[in-house]
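The values are calculated or read from the model by the stated rules, or taken from the named source; none is laboratory data. Quantities reported herein were computed from a predicted structural model and do not represent experimental measurements. Positions of Cβ are backbone-derived with ideal geometry, glycine not excepted, and every protein chain shown enters the neighbour counts. Each accessible area value is taken on the protein alone, full model and side chains, heavy atoms only, with ligands, DNA and RNA left out. Shrake-Rupley method; radii C 1.70, N 1.55, O 1.52, S 1.80 Å.
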Amino acid sequence: MDLIDDDASAGNTPEFSVSELSGAVKRIIEGEFGHVRVRAEVGRVSRPRSGHVYLDLKDDRSVISGVMWKGVAARQQTPVEEGMEVIATGRLTTFPGQSKYQIVIEEIRPAGMGALMAMLEKRRAALQAEGLFDAGRKRPLPYLPEVIGVVTSPSGAVIRDILHRLRDRFPRKVLIWPVAVQGAACAADVARAIEGFNRLSPGGALPRPDLLIVARGGGSVEDLWGFNEEIVVRAAAASAIPLISAVGHETDTTLIDHAADRRAPTPTAAAEMAVPVRLELAAWVGDVQARMARAMGQRNDTRRQRLRDLGRALPRPDELLQGPRQRLDVLADRLPAALSRGVDRRRLRLSERGTLRPGLLTRAIAAERSRLNDRAHRLSPCLSRLIANRRQAFAQQAARLRPQVLARDVAQHRAKLDDLSRCLDEAQAARLAEARRKLDALDRLRETLGYRETLRRGYAVVRGDGGVVTNKAAAENATALEIEFHDGRLKIGGGAPRRGPARAPKPEQGSLF
């Protein structure tokens, strides 16, 4: 018996790698199910940043994974949501990386109107619960807007109908924001248009509309589905500008109709809601003016007739002055006699009092002098009491002014002044010391950077004929040379050498060697 027995049970069974086996399964599934249609309910939906859509298709017993590539998902008119019943068309394949099979969806649509309406009703209920459709949020439309913003397709018949109707009724400035009114880009375009109009600044280069109209012609539920998207409904509810929804025909209803401030059955009706009829308004103004003129005329006539009636009831001016004039004549006749009697009465009264005699004046002066003397006797005690009261008040105030308190305050202020003087002296000394230290450092730096320090390291300065010698030729031609060392100068030629410390030369650029 061999030490290692062969596996006799293997026989001639071939061996496959995992990739070979996965590829074989992939070819079989794709060959058998090249193109299929599946009716199912949408389960989990995932939308990564790549733009692809991953979802589950399920019934009451089974689940199959599905994928829509980015291009297919962008062409979808109705977005796929969880719980939606759909019919998906595509091909079956496998994903070897996770050992699963899936359907690559090429087309997906709701399974009949019932699925769409159920999803629409569910979304409507959720938004209504948030209060986006409350009547209290809706604002009145401006009576005559200066600028009207229209969100619609620029190439359709809708914008022409709106402009034509506005031109017939009351021409206004119109700003058009072109959007896609159908397809996958519809909802995002309409929401951006509403938000963009609201971001315009009043009085800017581009005027901010006073009224918005979101309009589209009629179509199927799938064609109008972009106006049922949540992003559009929220943009319409958040709009600070009053908004009219004119999507579809009169029988078509979308969720933006509930969030808008006013719903119009058609785009033409939206233009009629936006502005009044100019001719009717002019006729009404003319009628009001005529009525006002008639009312003012009738009022003036009534007041004039009333004034005439009151004037007839008043007496004539001559009759009003007759009585006063007669009384004036009577009093004028009685005045001279009355004046004479008055003078006589006063003359009699004066004669009864008698003439002025010196005795009367003497008695009057004596009475006044007696009264003044009495007042003088009473004045002296009053002055004494006043002086005593004032002296007592001054004594009380003087008692409160104690020298000890003043001396203590003076001592405190003197101590504070001494402290400040000491601090000032210390600060001045520190400042002088710092300035002296900096000056010494600068002097040392000057000495270090000067040429005298270089001379100490063995260099010398050669001068000749009144200048510094910097080359051999100048030295040969010089009549006399002077060499400066760190400890003195030495003259060569032209006289005896000079020893001793050298004077500090003027600053100049010399030759060191």
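Pop out the ³J(HN,Hα) list for the range 14-31 in order, Karplus 6.51 cos²θ - 1.76 cosθ + 1.60 with θ = phi - 60°, rounded to Hz; leave Gly and Pro as x.
Values per residue, Gly and Pro as x: x, 9, 10, 7, 5, 5, 5, 5, 5, x, 5, 4, 4, 5, 5, 5, 5, x Hz.
Considering Cα pairs under 8 angstrom that are at least six residues apart, work out the relative contact order of the chain and quote it in whole percent. List each step's numbers first, then the result.
On the way: 607 pairs, mean separation 39.8, N = 513.
Relative contact order, the chain: 8 percent.
Roughly to the nearest percent, how much of the accessible area of the chain is carbon and sulfur, given a 1.4 Å probe?
Values: 20180 of 36030 Å².
Of all accessible area on the chain, carbon and sulfur atoms account for 56 percent.
At 1.4 Å probe size, put Y459, Y101 in order of accessible surface, largest to smallest.
Details: Y459 95, Y101 120 Å².
Correct descending sequence by accessible area is Y101, Y459.
Of the peptides 191-197, 211-217, how do they stack up when ordered by the mean number of other Cβ atoms within 10 Å, highest first?
Working: 191-197: 19.4, 211-217: 26.1.
In descending order of packing, they fall as 211-217, 191-197.
Counting only DSSP beta bridges with both residues in the chain, what percent are antiparallel, rounded to the nearest 5?
Values: 38 of 58 bridges.
In the chain, approximately 65 percent of DSSP beta bridges are antiparallel ones.
With the cut-off at 12 Å, report for the range 305-356 the share of all Cα pairs above it, as a whole percent. Walk me through the intermediate numbers first.
On the way: 1011 of 1326 pairs.
Here the long-distance tail beyond 12 Å is 76 percent of all Cα pairs in the range 305-356.
Return the subset of K416/K438; K26/K122; K100/K122; K26/K70; K70/K100; K138/K173 for which the Cα-Cα distance in this structure is over 31 Å, preserving the input order.
Working: K416/K438 33 Å; K26/K122 40 Å; K100/K122 33 Å; K26/K70 23 Å; K70/K100 21 Å; K138/K173 24 Å.
K416/K438; K26/K122; K100/K122, as the Cα separations exceed 31 Å there.
What is the extension gain from E81 to E368, computed as 0.36 nm multiplied by their sequence separation minus the C-alpha to C-alpha distance, in nm to one decimal? Numbers along the way, then the final one.
Working: separation 287, 0.36 × 287 = 103.32 nm, distance 12.31 nm.
Full extension from E81 to E368 adds 91.0 nm.
Please give the per residue accessible area of the chain, computed with a probe of 1.4 Å over protein heavy atoms only, in Å². Display every interim value, and only then the final one.
Working: 36030 Å² over 513 residues.
That works out to 70 Å² for each residue.
What GluC sites (Glu not before Pro) does the range 242-308 have in DSSP loop regions with at most 15 other beta carbons within 10 Å? Mind showing how you got there, number by number?
Values: sites: E250, E272, E280; in loops: E250.
Here the sparse-neighbourhood loop sites are E250.
Where Rh is the Kirkwood radius over the Cα pairs of the range 264-349, the temperature 25 °C and the viscosity 0.890 mPa s, what D in µm²/s does Stokes-Einstein return? Present the calculation step by step, with values, prior to reporting the outcome.
On the way: Rh = 21.1 Å.
Stokes-Einstein gives a translational diffusion coefficient of 117 µm²/s.
List every residue whose amide H lies under 5 Å from the amide H of G488, counting only residues 5 or more places away in sequence or on a different chain, with H placed 1.01 Å from N in the peptide plane.
Amide H neighbours of G488, under 5 Å, 5+ apart: A502.
Kindly provide the pair-distance distribution of the range 157-315 built from C-alpha pairs, with 10 Å bins from 0 and whole-percent values in order of increasing distance.
Per 10 Å bin, starting at 0, the Cα pair percentages come out as 10, 30, 24, 10, 8, 7, 6, 3, 1, 0.
What aspartates and glutamates sit close enough to K472 to cross-link, taking a C-alpha to C-alpha distance under 16 Å and skipping anything fewer than 8 places away on the same chain?
Here the aspartates and glutamates satisfying the reach criterion relative to K472 are E482.
With every protein chain left in place, what is the accessible area of F33 in Å² (1.4 Å probe, nearest 10)?
In the full protein context, F33 sits at about 100 Å².
So how exposed is I231, as accessible area in Å² (1.4 Å probe, rounded to 10)?
Accessible area of I231: about 90 Å².
For V461, which sequence-distant residues (separation of 5 or more, or a different chain) have an amide H within less than 5 Å of its own amide H, given hydrogens modelled in the peptide plane?
HN-HN under 5 Å from V461: E484.
How would you order 201-209, 47-55 from highest to lowest mean count of nearby Cβ atoms within 10 Å? Walk me through the numbers before you get to the answer.
Working: 201-209: 11.7, 47-55: 14.1.
The most tightly packed comes first, giving 47-55, 201-209.
Among V72, T448, A24, which residue has its Cα positioned farthest towards the positive end of the charge dipole of the chain, with +1 placed on the Cβ of Lys and Arg, -1 on the Cβ of Asp and Glu, and the dipole taken about the Cα centre?
Result: T448.
What 222 nm value per residue comes from the helices of the chain, counting each DSSP H run with n ≥ 4 as -39,500 (n - 2.57) and dividing by all residues, nearest 500 deg cm²/dmol?
On the way: 14 runs with 261 residues, N = 513.
Rounded to the nearest 500, the figure is -17500 deg cm²/dmol.
Suppose we take every Cα in the range 236-298 and form the convex hull; what volume per residue is that in Å³?
Values: hull volume 7.2 nm³, N = 63.
So the per-residue Cα hull volume is 114 Å³.
With the Cα gyration tensor of the range 168-248 in hand, convert its eigenvalues to equivalent ellipsoid semi-axes via √(5λ) and list them largest first in whole Å.
Numbers: eigenvalues 105, 47, 22 Å².
That gives 23, 15, 11 Å for the three semi-axes.
Work out the length of the dipole vector of the chain about its Cα centre, built from +1 on the beta-carbon of each Lys and Arg and -1 on the beta-carbon of each Asp and Glu, and round it to the nearest 20 debye. Show your work: numbers first, answer last.
Details: 84 positive and 63 negative charges, 1592 e Å.
Charge dipole, the chain, about its Cα centre: 7640 debye, nearest 20.
Which semi-axis lengths, in whole Å and largest first, follow from the square roots of five times the eigenvalues of the Cα gyration tensor of the chain?
Working: eigenvalues 1946, 1439, 239 Å².
After scaling each eigenvalue by five and taking roots: 99, 85, 35 Å.
So who's got an amide H within less than 5 Å of the one on I176, skipping anything under 5 residues away but keeping other chains? H placed 1.01 Å off N, in plane.
Under 5 Å from the amide H of I176 lie the amide H atoms of V150, each far enough along the sequence or on another chain.
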